1. Quick check on this structure: which one of Ala43, Ala64 is assigned to a helix (DSSP H, G or I), within 10 Å of the chain's Cα centre (by Cα) and closer than 16 Å to Ile21 by Cβ?
2. Of all residues in the stretch 16-40, which are part of a strand (DSSP E or B) and polar (S, T, N, Q)?
3. Check Ala73 against each of (1) under 10 Å from the mean Cα position of the chain (by Cα); (2) outside any helix (DSSP H, G or I) and name the one condition it does not meet.
4. Considering only the stretch 33-70, state which residues are at pLDDT 90 or above and polar (S, T, N, Q).
5. Restricting the first residue to the stretch 14-32 and requiring it to be at pLDDT 95 or above, which pairs with a second residue that is loosely packed, with under 12 Cβ neighbours inside 10 Å meet a Cβ separation below 6 Å and a spacing of at least six or different chains?
6. Condition first: surrounded by 13 or more Cβ atoms within 10 Å (Cβ to Cβ), under 17 Å from Thr34 (Cα atoms) and of a type in the set (Gly, Ala, Ser). Now tell me which residues in the stretch 55-91 satisfy that.
7. Could you list, in sequence order, all residues of the stretch 44-83 that are of a type in the set (Lys, Arg) and in contact (Cβ under 8 Å) with a residue 60 or more places away in the chain?
8. What number of residues within the stretch 71-81 are at pLDDT below 90 and charged (D, E, K, R)?
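The values are calculated or read from the model by the stated rules, or taken from the named source; none is laboratory data. For clarity, every value in this text was computed on a predicted model and none was experimentally measured. With ideal geometry, Cβ positions are generated from the backbone for all residues, glycine too; neighbour counts draw on all protein chains shown.
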Amino acid sequence: MLFLAKKIKRVNDVARVNLTIDLHGMTQDEAFKTLRACILESARKQHKNILVITGKSGVLHDVAPRWIAHNTAEFSSVLKIKNAPTAMGGDGAFIIALKKSKTIN
């Protein structure tokens with residue numbers, strides 16, 4: 001599994017989660033489209049963190065972080081991916097930290 005950041009040791013290391021999405025039961029195509037839409041909408045709303053629940057095993061657990069890492073243009077608003085702390089799903093989830101967007105007045 002590919003993670004772009006060090007493992008989080010405490011819940012306090014994570015700023016407030018603005019959105020939680022659960023990819024359980026989705027096909028890879030459905031999960032990819034859902035993840036992309038949620039990231040785009042969260043970036044538009046200037047959210048900081050998205051909690052993505054995939055489950056501890058299975059295809060989505062392995063491929064979802066790779067989609068982000070290998071589609072950098074499409075996921076340009078992603079700053080990093082972090083393992084979720086135990087209280088937020090542990091090995092069955094990860095947190096997407098979004099870049100701070102610049103507002104134009």
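1. Values: Ala43 fails: within 10 Å of the chain's Cα centre (by Cα).
One residue alone meets the criteria, Ala64.
2. So in the stretch 16-40, the residues part of a strand (DSSP E or B) come out as 19-22.
Matches in the stretch 16-40: Thr20 only.
3. Condition not satisfied by Ala73: (1).
4. Thr34, Ser42, Gln46, Asn49, Thr54
5. Here the result reads none, with nothing in the stretch 14-32 linked to a residue that is loosely packed, with under 12 Cβ neighbours inside 10 Å.
6. Residues satisfying the conditions are Gly55, Ala64, Ala69, Ser77.
7. Arg66, Lys80, Lys82, listed by residue number.
8. Residues meeting the conditions: 1.
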